[in-house]
Amino acid sequence: MAKRLYVGKLPHDVPADEVRNYFESEARVKVMDCRIMTGFGFVEFETLEDAENAVRLDGRDFHGAPLVIQFARENKPRREPPRDMRSRFMAPNYLMLV
């Protein structure tokens, strides 16, 4: 299982250090990486046990609104488009002799 959590419903102007400090103080865990975008972010923990402890903060108040905290989905490798679609969008393999 992953050690990375999705954190949603964050205030739009919250800095990553504030989110990191929140997890470290409230869940008493070690945060390895904290990446915050507009309104959401991803927090990675040192151990799976730390991530499990942090996910228990789901629904807790943070700056006046309840946080959404879930285990992040793993990235799936992208599929190649079907062959018939590939030919329409990709240049054919021509060899130009000059």
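The values are calculated or read from the model by the stated rules, or taken from the named source; none is laboratory data. A quick note: this is a predicted structure, and the numbers were derived from the prediction, not measured. For neighbour counting, all protein chains shown are included, and Cβ atoms are generated from backbone atoms with ideal geometry for every residue, glycine included. For accessibility, only protein heavy atoms count, side chains too; no ligands or nucleic acids. Shrake-Rupley method; radii C 1.70, N 1.55, O 1.52, S 1.80 Å.
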In Å², rounded to a whole number, the accessible area per residue of the stretch 1-74 with probe 1.4 Å is 61
Could you check the simple spin-label distance between Arg79 and Asp17, using points 7 Å along Cα→Cβ, in nm with one decimal? 4.5
Using a simple spin-label model with points 7 Å from Cα along the Cα→Cβ vector, what separation in nm is obtained for His63 and Leu48? 3.3
Taking protein heavy atoms only, a 1.4 Å probe, and rounding to whole percent, the accessible area of the stretch 1-55 owed to carbon and sulfur comes out at 47
